[in-house]
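Working notes for the structure below.
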Amino acid sequence: MKVLVFGKTGQVARALIAAGPDHDVQIIALGRDAADLADPQACADRIAETDADAVINAAAWTAVDAAEKDEHAAFAINATAPGAMARACAAKAVPFIHISTDYVFDGAEGPAWTPDDPTHPLGAYGRTKLAGEELVAAAGGTYVILRTAWVFDAVGRNFVTTMLRLSETRDALSVVADQTGGPTPADAIADACLKIAKALVSGGGKSGVYHFTGMPDVTWADFARAIFAAAGRDVTVRDISTADFPTPAKRPANSKLDCTKLETDFRITRPDWRIALGQMLAERTMS
């Protein structure tokens, strides 16, 4: 099977490129030079030209705070471009998988969000990602929108690598303890996307919105403690509130996502992020 991937250097895109051979999938990854999401028509043109069996959009405007200052640009990348991709896929009857986010919810305290819960983004990033979801769903083709959260890998700019970097020069850190979610390994997202792609191509999958995060759910502060424990670093983590660490964009307090629907329809279960974290740190030590 051949899969066209938008994105080349992001965490999930890199994981997709690495995972392709294990799934017997040829990955064609497009960087910004080949398909700039700021130019939606160029993205649609790449799909029109491809002979790929499925398309995965692993590219996005992910600078949450910067989106508050330039929502127009974020909208083009997170909404207009995915909409153009989805319409191009629908025209060729090619399944389209689009990665989205927990930021489409307002983060109100309560149980884990289900794919059918009402959305209510807190800021520009969430609004643009939600608009992208709506355009993908409206395109009329076969699609899966996969919402995820708290993505990490060994080399990207993420919470794990940030904590490890800070711990090299500090023996104590203050970390937010009133936001909860499921840390998600990038390679697990890639694995899920390729399994979904195969199912959709074979006609065995269902279009719709799905959730996928790692387990168990945890606060940022407790995630940091787990990182330092796994890395063998003696760093004290002090719990602080979101109010103690203000940012231009509001962060959802409750980022827990109910992944039952994905397991039911695609038999994909939540990965244990603690195992992935241990493997990641072991690989960093060996390299």
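Data overview
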| read-out | value |
| --- | --- |
| Solvent-accessible ranking of 8, 92, largest area first, probe 1.4 Å | 8, 92 |
| Carbon + sulfur, % of accessible area of the stretch 145-229 - ligands and nucleic acids excluded, 1.4 Å | 50 percent |
| Average accessible area per residue (Å²) across the chain - probe 1.4 Å, nucleic acids and ligands excluded | 45 Å² |
| Under the span-like rule (Cα at least 18 Å along the axis, Kyte-Doolittle mean at least -0.5), DSSP H helices of the chain | 124-138, 186-202, 273-286 |
| 256, 206, reordered so the largest accessible area comes first (probe 1.4 Å) | 206, 256 |
| GNM result for the chain, Cα springs below 10 Å: residue of 140, 83, 214 fluctuating most strongly | 140 |
| Size of electric dipole in the stretch 222-287: Cβ of Lys, Arg +1 and of Asp, Glu -1, about Cα centre, debye, nearest 20 | 100 debye |
| The stretch 120-198: GluC sites (Glu not before Pro) in DSSP coil with no more than 11 other Cβ atoms inside 10 Å | 168 |
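The values are calculated or read from the model by the stated rules, or taken from the named source; none is laboratory data. Remember, predicted model here, so these are calculated numbers, not experimental data. FYI the Cβ positions are ideal-geometry reconstructions off the backbone, even for glycines, and counts take in every protein chain you see. Areas reflect the complete protein model, heavy atoms only, side chains present, ligands, DNA and RNA absent. Shrake-Rupley method; radii C 1.70, N 1.55, O 1.52, S 1.80 Å.
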